[in-house]
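Computed from the coordinates by the stated procedures, all read-outs in this text should not be read as laboratory data. What you see is a predicted model; the values in this text were computed from it and never measured. All Cβ positions, glycine included, derive from the backbone under ideal geometry; neighbour counts span all protein chains shown.
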Amino acid sequence: MSESNVDQKLAFLARRRGFLETVLQSVQEGVLVVTPEGNLDYANRTAEEMLGFELARQRSRPMERYLPDVDWAALAGAEPDGGARVSTAEIEVFRPQRRVLSVRAFPLEDGEGVVAMLRDVTREREDAQAALESERMQAVRMLAASLAHEIGNPLNALGIHLQLLERSVKKLPDEADRAELGDCVRVARDEIARLDGILSEFLNALRNGAPHLERCDVLAVLEKSLQVLRADVQERSVRIEVDHPASLPAIRADASQLQRVFFNLVKNALQAMPDGGLLSIGLSADDRDLAVSFRDSGTGIPPEEFAKLFEPFHSGRAGGHGIGLAIVKRIVEDHGGRIDVSSRPGQGACFRLVFPLADRAARRLPPAR
């Protein structure tokens with residue numbers, strides 16, 4: 001081959017390489033080429049952005065830091081029958097930001113390495129999770145309606161019969177008997193009214209209706225919630241410490257729903273400390289948000305429970321119904337807020353609620369339901 005033909009061939013290959021590089025850099029999926037030893041050989045710009053590195057600095061370095069638990073050597077090897085091997089998986093990465101990546105990898109010819117295609121499926125996973133949670137909450141609502149019907153009728157019947165009994169008690173000739181039995185009837189009627197109120201609160205918490213938002217003093221709502229639980233706190237020998245600045249900005253909230261959130265979180269904390277302990281409640285604010293944290297010294301949350309923590313009907317506690325935290329999450333999100341949870345087994349748990357301030361120019365939208 002003449003020298004001019006060689007030059008033409010090299011020029012052609014250079015053009016083809018430039019063309020392929022342009023194609024690879026324009027695709028929206030990340031493209032990686034990794035050696036059998038697990039070292040990076042090539043990455044397009046999308047892959048760099050997804051995983052947070054620069055090809056010039058990461059080339060020939062291990063990919064384990066960015067894509068752990070991938071056996072590149074096994075992927076690069078050929079099948080015993082000469083067939084092709086394709087591996088698919090979903091990997092959660094946290095740098096440069098949290099993403100869920102769908103990884104599809106297949107070997108190059110002659111075992112020279114592996115090509116991996118990366119696709120960001122974070123939004124798809126979140127949409128699927130939101131749809132699943134919506135279905136679960138709808139199941140809860142249907143159960144609640146059935147429960148209200150089945151319990152409400154007997155409660156009404158009991159109330160009517162207690163009214164009749166109260167009339168009969170008033171006709172008793174002995175004043176002491178009238179007073180004693182009258183007190184018993186009043187207690188029974190009060191307890192029926194309390195059960196009816198609990199049932200109504202439960203139904204209201206699960207309804208789709210938007211909260212009635214108005215300027216709200218969070219500290220006042222918290223103090224009211226703690227007052228309701230005072231007897232339970234004393235019985236369990238739990239000490240509650242509330243830390244807050246001298247003044248707090250207002251948020252836009254439905255005070256009754258917010259009280260329900262605080263009630264459930266304090267109740268859960270008390271149940272996590274059966275032998276007593278400390279519940280630290282902290283309130284703080286910046287120029288955008290107001291945060292309320294509930295940190296207990298209880299048993300903590302096992303790691304395997306975190307993924308199902310807010311699922312309806314799932315409870316990590318014996319005898320629990322798995323409703324309280326599902327309601328808490330829905331109410332917080334309906335207020336444009338978020339809830340963060342941290343815990344170590346045996347060292348307690350912390351639930352942190354973040355709400356946008358009332359005077360904030362923009363706020364996070366609640367999820368569509």
*Apply the Karplus parameterisation 6.51 cos²θ - 1.76 cosθ + 1.60, with θ equal to phi minus 60°, to every residue of the stretch 289-295 and state each ³J(HN,Hα) to the nearest whole Hz, in sequence, with x for glycine and proline.*
9, 10, 10, 10, 10, 10, 10
_Burial ranking of peptide ranges 108-119, 166-177 (average Cβ count within 10 Å, highest at the top)_ = 108-119, 166-177
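Note down the relative contact order for the stretch 214-356 as a percent, whole number, built from C-alpha pairs under 8 angstrom at least six residues apart.
24 percent
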*Given labels modelled 7 Å from the Cα in the Cβ direction, how far is it in nm from C184 to A131?*
5.8 nm
*Distance in nm between label sites at F106 and S256, each 7 Å beyond Cα in the beta-carbon direction?*
6.0 nm
_P(r) of the stretch 214-356 over all Cα-Cα pairs, binned every 10 Å from zero, in whole percent_ = 11, 44, 36, 8, 0
*Could you name the lysines in cross-link range of K308, using Cα to Cα under 20 Å and dropping any fewer than eight places away on the same chain?*
K267, K329
*Could you tell me what fraction of 2.2 N^0.38 Å the Cα radius of gyration of the stretch 125-206 comes to, as a two-decimal ratio?*
1.72
*Go through the stretch 107-114 residue by residue and turn each phi into a ³J(HN,Hα) via Karplus (6.51, -1.76, 1.60, θ = phi - 60°); whole Hz please, and just put x for glycine and proline.*
x, 7, 5, 6, x, 7, x, 9
*Which of the peptides 122-128, 253-259 is most tightly packed, and how do the rest follow, judged by the mean count of other Cβ atoms within 10 Å per residue?*
253-259, 122-128
